[in-house]
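A.B. asks: I'd like to ask some things about the structure below.
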Amino acid sequence: MSQIQSSSARSPSAWCAALQARMMAALDAAWAVIEAGDDPVAIAKARDTARLCGQMAAAVRKVAALVPAAKAPITRPVSLIDEVLDDVEKAVTAAGKPPAAQAVAMRAALAKLGR
C-alpha cells in the first residue's frame, strides 16, 4: 500500500521514466534468455515477457498522453496593451468625450487578470 501512495505522489513523467527503466531491464533479461538458451519453454516465456512489455509500453503511452501539457506563459507584452489603452483614453478625454465602452471593458478585464 505504501508503494502505491509513494508512486501516486510522483509526477507522471517520473512515473513513465521509472516504468520505462523497469521494462527495459525486463526486456534485456528476456533477450539474454533468448540468446543464451536452447530451452523452448524458457524462450517462449521470454517472448511472452517481451510481448507483455510491449503491451505495457502502449498502455503507458496512452496514460502519458492523458496528462495535459504545461501551459506556456503569455509572451505578449501586457505593458504594450496598457500603453495603447492609455493613449486611446488620453485622445478620447482630450476630445472631451467619455471613454468608449470597449476601452472601459478592456481595462476592467485587465484589472481582473491583475495586469
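The values are calculated or read from the model by the stated rules, or taken from the named source; none is laboratory data. Because the structure is a prediction, the values reported are computed rather than measured. Please note: Cβ atoms are built from the backbone with ideal geometry, for glycine as well, and neighbour counts cover all protein chains shown. What goes into the accessible areas is simple: the full protein's heavy atoms, side chains included, and nothing from ligands, DNA or RNA. Shrake-Rupley method; radii C 1.70, N 1.55, O 1.52, S 1.80 Å.
A.B. asks: Between residues in the stretch 101-115 that are over 11 Å from Leu85 (Cβ atoms) and residues that are outside any helix (DSSP H, G or I) and open to solvent by 70 Å² or more (accessible area, probe 1.4 Å), which pairs lie under 7 Å by C-beta distance while being six or more apart or on different chains?
C.D. replies: none
A.B. asks: Please state which of the following conditions Gln55 fails to meet, knowing it meets all the rest: (1) farther than 30 Å from Ala14 by Cα; (2) polar (S, T, N, Q); (3) modelled with pLDDT of 75 or more.
C.D. replies: (1)
For (1) at pLDDT 85 or above; (2) open to solvent by 60 Å² or more (accessible area, probe 1.4 Å); (3) acidic (Asp, Glu), each residue gets a yes or a no:
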| site | (1), (2), (3) |
| --- | --- |
| Ser11 | no, no, no |
| Trp15 | no, yes, no |
| Glu35 | yes, yes, yes |
| Thr49 | yes, no, no |
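A.B. asks: Now for a different question. Just one of Lys45, Lys62 is under 19 Å from Cys16 (Cβ atoms), open to solvent by 100 Å² or more (accessible area, probe 1.4 Å) and not aromatic (Phe, Trp, Tyr); which is it?
C.D. replies: Lys62
A.B. asks: Quick test of your reading of the structure: Lys71 fulfils all but one of (1) at pLDDT 85 or above; (2) basic (Lys, Arg); (3) under 32 Å from the mean Cα position of the chain (by Cα). Name the failing condition by number.
C.D. replies: (1)
A.B. asks: Identify, please: which residue in the stretch 30-82 is of a type in the set (S, T, N, Q) and part of a helix (DSSP H, G or I) and is, among those, farthest from Leu110 (Cα to Cα)?
C.D. replies: Among those residues, the one meeting the criterion is Thr49.
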